[in-house]
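Everything below concerns the one structure shown next.
Quick note: the coordinates plus some simple rules give every number you see, no bench work behind them. Only a predicted model underlies this, so the values are computations on that prediction, with no experimental measurement involved. Note: ideal-geometry Cβ built from the backbone for every residue, glycine included; neighbour counts use all protein chains shown.
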Amino acid sequence: MRIDLFQPTDEGEARILLLIEGFSRGSRSLEGRTKLAKLDFFLRYPTYLRRALQARGQSDIEPTEIGVAPDIETRMVRYRYGPWDPSYYAILGRLIGKGLVVPVPISRGIGYRASEKGREIAERLRGESAWEDSVKRLEVLRKHFNLEGKTLKEFIYQTFPEVTQASWGELL
């Protein structure tokens, strides 16, 4: 596996900030890296999101509701618990270091919440046309997949055997 494929990018930071902000509104936090990774999988791969919606009986979702952009160009890998991006640690560290995300203790680890500054930047990003499709997918994810990380992991294992049967480190 080429590690240079997984360097943190500004786009990656923006996408993860949008994801954390979208799932940490009010006093809530996005509960853990497992949930973050599984939601990011659907955010990056709208083809899998469409299939996931169908598997959950939500086939009435129009393609325009999740955007028309192709799968995001940065690939994830198969890791111990399914889809993963090795750059998450660096991205989360950068977002926390910049004061955009706050780590929050939860019963089984660490959750993440957007700070006030992070919310302001996420709001600006949501208004940019380059993020339009991602914002649409985030709304669908919040409505249909705001589940525990373990539940999302199990759903991906059951629904997408081609992802979970890939070799560790294999690009998805």
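Results, tabulated for the structure shown:
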quantity: Residue order, fewest to most beta carbons within 10 Å, for TYR89, TYR45, TYR112; calculated: TYR89, TYR45, TYR112
quantity: Part-to-part distance (alpha-carbon centres) for segment 5-57 and segment 91-123, which is given in Å; calculated: 14
quantity: Under 16 Å from the Cα of LYS143 - lysines, other chains or at least 8 residues apart; calculated: LYS35, LYS38
quantity: Gain upon complete extension [TYR89, VAL135; 0.36 nm per residue less C-alpha separation]; calculated: 14.3 nm
quantity: Where trypsin sites (Lys or Arg not before Pro) fall in DSSP loop in segment 98-147, at most 12 other Cβ within 10 Å; calculated: ARG108
quantity: Extended-chain gain in nm, criterion 0.36 nm per residue less alpha-carbon gap, GLU148 and ARG124; calculated: 5.8 nm
